[in-house]
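What follows draws every value from the coordinates through simple rules; no lab data is involved. Bear in mind the structure is a predicted one, so any value in this text is a computation, not a measurement. Note that each Cβ is placed from the backbone with ideal geometry, even for glycine, and that neighbours are counted across all protein chains shown.
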Amino acid sequence: MDEVKLERLTDPQGTTLKVSGGVTICEARDFREALLAALEEAPELRLDVSELTGIDLTGMQLLCAAHQSARRRGKELRVYDGGNATFREAAKGAGFQRHSGCPQDRACSCIWVRGES
Amino acid sequence: MAKVIMTADDSASVRQMVTFTLKQGGYDVVEAVDGKDALQKLASTKVDMLITDLNMPNLDGIGLIKGARALASCKFIPIVMLTTESQDSKKQEGKAAGATGWIVKPFKPEQLMAVVKKVLG
Amino acid sequence: MTDLHRQAFKEEAYELLTELESSLLELEERPDDQDLIGRVFRAMHTIKGSGSMFGFDDIASFTHEVETVFDMVRNGKLSVTSRLVNLTLAARDQIRAMLDAADSGAATDLQASAAIIVGLRELAGFGGGEAGAPERHEEAAPPQKDPVTYRIRFVPPRDVFVTGTNPLNLLAEMMELGTCTVVAQTGGLPSLEEIDPEGCYVYWDVILTTDQGENAVRDIFIFVEDDCDLKIQVVAEHNRYDEQQDYKKLGEILLERGDITTDEMTAVLSRQRRFGELAVSEGILDEGKVQAALAEQKHVKEVRQEKQVADASSSIRVPAERLDLLVNLVGEMVTVQARLSQTAAHRDDADLIAIAEEVERLTAELRDSALNIRMLPIGSTFNKFKRLVRDLSAELGKQIEMTTEGEETELDKTVIEKLNDPLVHLIRNSIDHGIELPEVREAAGKPARGTVHLSAVHSGDSVLITIADDGAGLDKEAIRTKGIERGIISHSAELSEKELFGLIFAPGFSTAKTVSSISGRGVGMDVVKRAIEALRGSIDITSVRGQGTRIMVRIPLTLAIIESLLVKIGKDAFMMPLAMVDECVELTREDVARSHGRNLARVRGHLVPYIPLRERFAIAGPPPEIEQIVITQVNGTRVGFVVDHVLGEHQTVIKSLGRAYKDTEGISGATILGDGSVALILDIPQLVQAVETEQN
């Protein structure tokens, strides 16, 4: 898997955290730190996974956890995958795809909800 | 980039068979003749998986598994032990030390490949 | 390639043997040297393990013996003596000889091997016995034919990653087995602040349809089954009799999974909203669990649809009425054909006879194939019963497995429909009264799980359906006592086992008037018996106390046509189903006079009661001098029917009597004869019963 790269861009609309390469358990601690730091910054966090080349279960768990934390803080977290098939396949293979939200998510803002991917 | 698998076994013939089978399956292989040799090589070489015998001189398989799990680079890799039918308790000991799974000797090349595919994905 | 590895092994083994020799010699000097002992053990271990890998099975099993002894030495259970060293050296030489012989084809001295093994075993303190060969792996069971849908809940431990296990690989393996729906349950995920990024917080509900069998599914989890929480349940079997359209309701699935309790479900259902939404908004369930249950519904429906599409290509669906019409027309055709044959015979016209014969042949074929179209395999009915057994046994706290056999056996569609209720009743009886509670079974030395075996098999022109359980069996004494209590038999009655068991079917015997949750009404076994008889079938019981009960139901293949005996009383013609007829005897005026109006005839020394049908049906005119008694057998009792003449056997296409005559006592239908006249078909069991009731 390719080395993971975490880039943070801040613009007037909010913060974008771009995750590219492969996210595995070896980078899970770093990924969590990056997500936490990005959440601190702006009211709206955009997660760009369009150039992700792989994500394991720990990565997906962290995305869910980040979404939960964002909601608790009254912030918004959106995932942008740019049609990334690898990302969508991984989510499907792990059974994360959803037609409605997750247990903690009554507002239907779940990051995994999208058309039949 | 081909994935790298280490085989640790004091039996040259088993090592040869494992290496031969894995290479045919498209993997790169690093050989180690016992536990001590394996740990030394693991410190400098990054591998994606470890296949180890249990009965080895210098450092046995259980010791190797514990040592490997203590290395950051091997913390989460699959480790498969080769056991014989008389070593059922060893399976448990190995699992407790951090092994992912096992292959019972004697095994055929297909069985080896099936387990590698299973744990490596 | 194998040769290459064999060669490598031989070289390695020679090297090890050389080393072993020097180790052993040193060991004789220093018998307590643990390092030396370890080296000897390892050499043997390697020769055994590697030898078995490369096909040196004789070496492997021989070395195993030596290894076992040195394992004891290693663990301090045996000390090193010169005798041990001598034997081991001999063993070493023997292994070497076996290696030399291996590829040259020369034979090794088996007696020498045996002598060494015996010596070693004596030392170790366990003499005798066969030389143990390494165990072989069990061969994988052949894959089963029909796909089965499993519901799998896989909960990995929190620290699953530190053993190098990737749960996603296991999910991927399941996807390779068949059609698979995976729903991750993320309800336990903490927030980013609290999460351990290297822990696993997710578990999965998987719905998998595969024809590889449950073991193949379990094998996927072989390395983790001790550490994880794994539940595998069968939710649907998709054999070719799987005709159900609707799958379980959402609430039912959640209940089965243990995600919701009955009380909670009832509470939710009492409100008129969509179940899933409501349960979630009430906080009883989390969304993930409802998602998983919905996914299961969708999954099973899709699998079934796919199957139906596949089945449809080779068959067409036709409304049953059209088939009934066809069979009716064929019936009329058979009748007309009989008239044609009769007429042709009268005319003595060779051409006409030839045509009539040709028509007869074609009509017979047409009749057979028309009846064939209505035949259905009984499997779909059996499938429904599986569900019944499952639900009932859960309700009663019993463990029951239902096995089936002969699902492909075909029966007329109408027969199958009418068989459903009686069979449900019989199976329910087996479960209720036959199979004991698990504790009781274990106490009796039987497996806790009882079996109800349902089978169907063709036998002549009928089908034999057997319901056998391995339960408690019938209690003859209790039946007898009850029979006397209910006034069905007298105190002194001596009954054979068959007659005794037959009492169960007597009207008024059954007290178990429980309301069945299936049929919704309380019925006794007499109702079952009448239903079977209405199908012109019979029912039999055998039972061994403590071992089980077997109920055999015999049913004719079709209701549309019967072989019957044509008889005449005055000008009227009647049909008697041939299957029930035993024999015909003459009845003279003297016989009647001798019986003093008791309607009993002496047939070969036995008295047989008879029913004069002329009286019964109030047919005018005097009987002939010599009448005929047609003796029938109904449930083991012989009863005669007095008629004027017996005309012969006849293939009868049954016509129903129409609504106005539907309940006419003693008549079950009608048929049209070759000359266009009508003959009534006698309902023999009903006639016998009616007469018995009148006499009592």
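The table below lists the values:
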{"read-out": "For chain C, size of Cβ-based charge dipole, Lys and Arg +1, Asp and Glu -1, in debye", "value": "3280"}
{"read-out": "Alpha carbon centroid spacing (whole Å) that separates region C:201-219 from region B:16-38", "value": "32"}
{"read-out": "Chain C: relative contact order in percent, alpha carbon pairs under 8 Å with at least 6 residues between", "value": "7"}
{"read-out": "Over region C:325-437, equivalent-ellipsoid semi-axes from the Cα gyration tensor in Å", "value": "50, 11, 10"}
{"read-out": "5 angstrom amide H check on C:THR179, placed H, neighbours 5+ away", "value": "C:THR209"}
{"read-out": "10 Å Cβ neighbours from other chains, averaged over peptide B:4-15", "value": "5"}
{"read-out": "In order through region C:60-66: 3J(HN,Hα) via Karplus (6.51 cos²θ - 1.76 cosθ + 1.60), integer Hz, x for Gly, Pro", "value": "4, 6, 5, 5, 3, 4, 5"}
{"read-out": "From phi via Karplus (6.51, -1.76, 1.60), per-residue ³J(HN,Hα) for region C:113-120 in Hz, x at Gly/Pro", "value": "4, 4, 4, 5, 4, 4, x, 5"}
{"read-out": "Chain C: angle of helix C:34-53 to the longest principal axis, Cα-based, in degrees nearest 10", "value": "40"}
{"read-out": "Burial ranking of peptide ranges C:590-596, C:95-101 (average Cβ count within 10 Å, highest at the top)", "value": "C:95-101, C:590-596"}
{"read-out": "Percent RCO, i.e. relative contact order, over region B:4-116, from Cα pairs under 8 Å lying at least 6 residues apart", "value": "24"}
{"read-out": "Coordinate range along principal axes, alpha carbons of chain C, Å, largest first", "value": "122, 73, 68"}
{"read-out": "Vicinal HN-Hα couplings computed from phi for region C:85-98 (Karplus, 6.51 cos²θ - 1.76 cosθ + 1.60; Hz; Gly/Pro x)", "value": "5, 4, 5, 5, 5, 5, 4, 4, 5, 5, 4, 4, 4, 5"}
{"read-out": "When the convex hull of its Cα atoms is projected in every direction, mean area for region C:377-556 (nm²)", "value": "10.3"}
{"read-out": "Shielding of C:156-167 by partner chains, average beta-carbon count, 10 Å", "value": "6"}
{"read-out": "Pairs beyond 22 Å (Cα-Cα), from A:LYS92/B:LYS91; B:LYS23/B:LYS118; B:LYS23/B:LYS75; A:LYS92/C:LYS289; B:LYS66/B:LYS108", "value": "A:LYS92/B:LYS91; B:LYS23/B:LYS75; B:LYS66/B:LYS108"}
{"read-out": "Between helix C:2-29 and chain C: long-axis angle, C-alpha atoms, 0 to 90°, nearest 10", "value": "50"}
{"read-out": "With Cα atoms, 0 to 90° folded angle of helix C:476-485 axis to chain C main axis", "value": "30"}
{"read-out": "Cα-centred dipole magnitude for the protein assembly as shown, charges only on beta-carbon of K, R (+1) and D, E (-1), debye, nearest 20", "value": "2520"}
{"read-out": "5 angstrom amide H check on C:ASP582, placed H, neighbours 5+ away", "value": "C:ILE631, C:THR632, C:GLN633"}
{"read-out": "Euclidean distance between Cα centres, region C:569-616 to region A:34-74, Å", "value": "95"}
{"read-out": "Dipole of chain C, positive direction: furthest Cα of C:PRO622, C:THR693, C:MET333, with charges on the beta-carbon", "value": "C:PRO622"}
{"read-out": "For B:THR52, distant residues with modelled amide H under 5 Å away", "value": "B:ALA8, B:VAL80, B:MET81, B:LEU82"}
{"read-out": "Cβ crowding within 10 Å averaged over residues, with C:347-354, B:40-47, C:202-209 ranked highest first", "value": "C:202-209, B:40-47, C:347-354"}
{"read-out": "Tail fraction, Cα-Cα pairs, the protein assembly as shown, threshold 44 Å, whole percent", "value": "56"}
{"read-out": "Relative packing of peptides B:106-119, C:618-631 - highest average C-beta neighbours within 10 Å first", "value": "B:106-119, C:618-631"}
{"read-out": "Inter-chain Cβ neighbour average for residues C:202-215, partner chain, 10 Å", "value": "1"}
{"read-out": "Mean separation of Cα contacts under 8 Å, 6 or more apart, over the residue count of region C:377-556: relative contact order %", "value": "22"}
